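Quick notes on the structure that follows.
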Amino acid sequence: MRWGTPVTLLAAALLPSALPDAFLLHLMTSVAIAAILALGLQFLLGVSGQLSLGQAAFYGVGAYGSALMTGAGLPFAAAVPLAAVFAGLSSLVLIPVTRLRGPYLAVATLGFSIIAYLVIKNEEWLTGGSLGLMGISRPALFGERLRDPAHVYWLCAALAALVYLGLRRLADSRFGRAAHAIRQDEDAARASGLRVTLIKSQCFVISAAVSGLAGALFAHHIRYLGPADFSFWKSVEVLIMVVIGGVGSAAGAILGAAVVVLLPEWLRAVGDYRLLVFGGAVVGLMLFGSGGLAGLPGALRRRPEARP
Amino acid sequence: MSGAALLEVAVGGIAIGCVYSLLALGYSMIIRASGIIHFAQGEVMMIGSMCGLSALWLAPALHPALVLLAGMAAGGVLAGAMELLVYRTLRRRRVPLMNIITATVGLSILLMNAARLGWGSEPLRYPDLFSGAVEIGQLRISPQLLWIAGTGFAIMIALQLFLSKTRPGLAMQAIAQDPDAAQLIGINLSRSMAGTFAVAGAMAGAAGVMLGSLFFSFFEMGFITGLKAFVAATLGGLGSIGGAMLGGILFGLIETFGAVFVSSAYKDAIGMLLLIAILLVLPQGLAGLRKRGR
Amino acid sequence: MTPLLEARGIARRFGGLVALDAVDMQVAPGTVHGLIGPNGAGKTTFLNVIAGAFPPSGGSLRLEGGDITALAGDARARLGIRRTFQNLKLFPEMTALHNAAIGLHADGRAGVLSALLRLPAQRREEREIMARAAEALDFVGLAGQAGRLAGTLAYGHRRLLEIARAFAPRPKLLLLDEPAAGLNPTEAVALTALIARIREAGTTVILVEHHMDVVMTVCDRVTVLNYGKHLSTGTPAGIQADPRVIEAYLGQDALAEALAC
């Protein structure tokens, strides 16, 4: 596993030279953005144990935020981080609900995401309503518009790698340990002096900001935003990415994102059946790979006596 | 707005509330027995709706009660089969609950797209099961609404009787409260669990026929309705049967009145805002109120 | 001398049930203070009230003279009141070392930003936390288990790990809730010695325990509760001779329990 990260990074960096196909690069950019989104939920669910069904809301805040800010003349390099911060701040609205547990937290975040979706759909003056926002500017670095799909891909892949490393560092720190402890036993965490609500809220804000970053990149990658991309389905899709990747595994979340983005594309050949097959694949993976994709190698290697 | 018009809105709210209640009951029964948030519940409803419609296509003169039964049977068999084929296997393999819940989402996608292939992607109109209008003085109430509210209440009462008076019903209650003890006194866990899913599925099937006859049947109909019913179940307190009934009807009323008096574009948001507000005061839903009172 | 902990008129009702009824207790610094009583006497409830798991229905608590009655459990933990749980509450998916490190969380400062940047100060703090956590494991005799997941430890080791987590920050007051439960006689003797060493290290201990030989060996003072009321406080020898205490124990089937020790 020690070589996993550098090898993956190298392969990801060399991909455009190996496969200079615009559509493929477009897809891989989508994978990188989805990976950021999945990493955000993975941190919330895998490290702090909070299930959010409202990631689409923060994704939407980031996307529309960055699109509107660049539309108003702000440079890309300022608008994207600002949009991520804004998405993080928007999650502060939900801080009171972090004291809810399990399904109650999930349903409260779900409610929030439905409200956000309706705002996107109905507030035409701001979001363009059902027609959406068109003509969003391309990503730009140092005043240069990135016209080459390979450059956009590199940017998104590099940011995904940064998010991955950042969240890994966070999980492996005093803060991450505390969040992890709270996930396992809140009473014991409190008795050890941990400020449980504060730490859970911080995880929420971080996860929302990461989702917002993904949304901002999405806006400039696709360059068109409509409400459909921010419905409850998006939240479910993120959850599927994290779970098929294996809850608790950051690398798994990236793998899960790749599967969720690429599988339906590969299945275009089967036309109308593709979502049917996708649904079946999700069920099948749950049935046959207990730890998600991250657990598959172990499941294949597993010997009967290896399990306690 | 006149009193008569208000009453009409209220009847509409109660009717749609009954649909939510029936679905919410299924969520509650399943989460209580197995801990699973059954996200495919809305799709079970949709399949029930489609099957009721197909029964009507085959026999246009079919009595509405039989259409309802067809929907319930389809929902019951489907949900029971999902438990036997998928969830039971997952439970036996002791996979984390989150994975089982993801499997329910997978099944939900599967069913939705199967229905799209089977019944097409266009909304399908139910023939009017009832025509004319009931007039009480100035009041005109659509018979559909009365039919739905009446049947909804009848089914909920029947469910209560089933759960509290019959052996299989009591066995389901027992496994929900304490599976280990229930097995010790000789209750077949697998059978009762499958029964719980089947009953929950039948409730969903009934809700599907009702909702279909009110508007139309559509392969995506289960999605948002299922979500709202889940919210209703949470509102009532997940796992509480009485709470689910109350939560569904309350949600239907709030949504209907909200659409009329506040904003129809934000009709779904009103219910959600209220939900979040209620959860903040009562983190366990309305059922927490009773516990707190004790 | 000011008592380290002073409880005055502590009451706790659950619905109509009175679990604690105006209990007074003073714990002198540097002592091991036993808390015993027949089953249902309210010992664990009292411990929970001191730890701040739930508020008392009446009465006040002072730590070193300062009123802590209104503080929540986590705030009291940061002030130096740590506890163990009767039915073991560890973080099973974390290593023994990291479990102990959680006990030291409140002593650290590094937040989200410094964790992301891995600044030198943050790395130094991490090293310090880990060194102190290892020291705490060593103190309770778990040095060899540092890398193992808490959930995979043997039962006796899990009991010790919980003590290590609570003792790691060198708290002013350590609340031990039946630490000897489920231990074999050898382990119970080792535990008695460990509690004595904790006292020598300067931490005051309140010990709820059913094993009378542990209580009588290590406690400096003992308070007896009965039916939620304070019955008697004194030295172990004095308590054993107190007719009211004997009567309270005789009145229950706890006699068998006391004889078994």
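Observations on the structure shown:
- Only helices enter this figure: runs of n ≥ 4 DSSP H residues, each worth -39500 (n - 2.57), summed and divided by the residues of chain A, yield -22500 deg cm²/dmol at 222 nm to the nearest 500.
- Max mean-square fluctuation residue, GNM over chain B, Cα-Cα springs under 10 Å, options B:Leu117, B:Leu250, B:Leu159: B:Leu117
- Among the DSSP helices (H) of chain C, those spanning at least 15 angstrom by Cα along their long axis with an average Kyte-Doolittle hydropathy of 0.5 or more are C:185-200; this is a geometric and hydropathy rule only.
- C:Arg123/C:Ala22 FRET efficiency (R0 51 Å; Cβ-Cβ; nearest 0.05): 0.50
- Helix B:167-177 vs. chain B, principal-axis angle (Cα, 0 to 90°, nearest 10): 70 degrees
- Estimated 222 nm signal from helices in chain C, with DSSP H stretches of n ≥ 4 weighted -39500 (n - 2.57), rounded to 500: -12000 deg cm²/dmol
- Lys, Arg +1 and Asp, Glu -1 on Cβ, resulting dipole of region C:144-186 about Cα centre, debye, nearest 20: 200 debye
- Helical contribution to [θ] at 222 nm, DSSP H n ≥ 4, -39,500 (n - 2.57), averaged over chain B, rounded to 500: -25500 deg cm²/dmol
- With at most 11 other Cβ atoms within 10 Å, longest stretch of chain A clear of loop trypsin sites (Lys or Arg not before Pro) (DSSP): A:148-308
- Fewest-first sequence of C:Leu175, B:Leu211 by Cβ atoms within 10 Å of each Cβ: C:Leu175, B:Leu211
- Counting only DSSP beta bridges whose two residues both lie in the protein assembly as shown, roughly 65 percent are antiparallel.
- Relative to the dominant Cα principal axis of chain B, helix B:97-119 is inclined by about 40°.
- Spherically averaged projected area of the convex hull of Cα atoms, region B:3-293: 16.4 nm².
- Proxy reagent accessibility, fewest Cβ within 10 Å first, across A:Asp21, C:Asp220, B:Asp180: B:Asp180, A:Asp21, C:Asp220
- GNM top mover of B:Lys165, B:Lys267, B:Lys228 - chain B, alpha-carbon springs below 10 Å: B:Lys165
- Across region A:258-276, the residues whose backbone nitrogen lies under 19 Å from the label position 7 Å along the beta-carbon direction of A:Phe23 are A:259-275.
- Residue of C:Arg221, C:Arg123, C:Arg199 that the Gaussian network model of chain C assigns the largest fluctuation, springs spanning Cα pairs under 10 Å: C:Arg123
- Put in line by how crowded their Cβ is, counting other Cβ atoms within 10 Å and starting with the fewest, A:Met69, B:Met193, B:Met45 read A:Met69, B:Met193, B:Met45.
- Qualifying trypsin sites (Lys or Arg not before Pro) in region B:14-100, where qualification requires a DSSP coil assignment and no more than 10 other C-beta atoms within 10 Å, comprise B:Arg94.
- Remark: for residue pairs A:Lys200/A:Lys234; B:Lys165/C:Lys89; B:Lys228/C:Lys89, the C-alpha separation exceeds 30 Å in B:Lys165/C:Lys89; B:Lys228/C:Lys89.
- Across the options A:Leu287, A:Leu92, A:Pro75, the greatest Cα extent toward the positive end of the charge dipole of chain A (unit charges at beta carbon of Lys, Arg, Asp, Glu) belongs to A:Leu287.
- For region B:1-157, the residue among B:Ser142, B:Ala15, B:Gly48 whose Cα projects farthest onto the positive side of the dipole built from Cβ charges is B:Gly48.
- In region A:7-244, inverting the average of 1/r over every pair of distinct C-alpha atoms gives 18.1 Å as the Kirkwood radius.
- Kirkwood hydrodynamic radius (C-alpha pairs) into Stokes-Einstein, the protein assembly as shown, 20 °C and 1.002 mPa s, D in µm²/s: 72 µm²/s
- Cα centroid separation, region B:1-18 to region B:151-228 (Å): 27 Å
Throughout, read-outs are computed from the coordinates displayed, never taken from laboratory work. Here the structure is a predicted model, which means the values were calculated and not measured. Methodologically, a virtual Cβ is constructed for each residue, glycine included, from the backbone with ideal geometry; neighbour enumeration extends over all protein chains shown.
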